[in-house]
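Right, one structure below, let's go through it.
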Amino acid sequence: MARAVSSRGLVLNSRRETELIGKSIGRVLREGDVIALIGDLGAGKTALVHGIVSGLDAPPSVVTSPTFMLMHRYHGRVPLIHMDLYRLSSLEEAEAVGLAEVFTDDAVTAVEWADRFPTLLPSDRLELRLSHRTFTSRSIQFMAQGTRSRSLLARIRKALPSMQKQGQPP
């Protein structure tokens, strides 16, 4: 099993900060990268994807949570497949909608509520755990699962000066 690499994370004091972090992440994403978004309702998962879409040079104004549609596709520098697993109630249902087939080397995939069906996700993925701190602030932790996601985490750390100050190797 791949060794996980974690970071202490960042504090996000507003939706704007969440979107700016997402934009920085989007700028360093490459085809085939998988982002697993984990967090409670209102933790900032969709706001982060809004920023990621902007960082991929796609129009962020079109970003909405795919809760009812399950999946949206955005076209930018690299295509992004944005999935939301919140409404899926069983592993069988997730398999039936073809979750495992969504992951491709031709696009970035961002999956909200990824912790609901982790066995259907690629083992090499970057987990972003968002959590409430106060009514307006959130925290985000980065957990790289595999070689590719460790490389992505290293690119993110270079793009975010606040992560470079942590003194952790990528």
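The values are calculated or read from the model by the stated rules, or taken from the named source; none is laboratory data. As the structure is a prediction and not an experimental result, all values here were calculated from the model. Here Cβ is always computed from backbone atoms with ideal geometry, including for glycine, and neighbour counts include all displayed protein chains. For accessibility, only protein heavy atoms count, side chains too; no ligands or nucleic acids. Shrake-Rupley method; radii C 1.70, N 1.55, O 1.52, S 1.80 Å.
Quick one: pull the percent of accessible area on region 44-135 belonging to carbon and sulfur, 1.4 Å probe, ligands and nucleic acids left out. Within region 44-135, the accessible surface is 54 percent carbon and sulfur.
Modelled label positions at R133 and M71, each set 7 Å beyond Cα in the direction of Cβ, lie 3.5 nm from each other. In this rough spin-label picture, where each label sits 7 Å from Cα along the Cβ direction, the T119-S89 distance is 2.0 nm. Figure note: F135, F103 ranked by solvent-accessible area, largest first, 1.4 Å probe, ligands and nucleic acids not counted: F135, F103.
Per-residue surface analysis assigns R138 an accessible area of about 40 Å², computed on protein heavy atoms at 1.4 Å probe radius.
Taking a ≥ b ≥ c as the square roots of the eigenvalues of the Cα gyration tensor, an a/c ratio of 1.5 or more together with a/b no larger than b/c marks region 104-159 as oblate. Applying 1/(1 + (r/R0)^6) with R0 = 41 Å to the Cβ-Cβ distance of E101 and V11 gives a FRET efficiency near 0.65. Only protein heavy atoms count here; on that basis, with a 1.4 Å probe, S123 has an accessible area of about 90 Å².
Among L20, L128, the sequence by solvent-accessible area, most first, with a 1.4 Å probe is L20, L128.
Protein-only accessible surface at a 1.4 angstrom probe places the residues H50, H75, H132, H82 in the order H75, H132, H50, H82, largest first.
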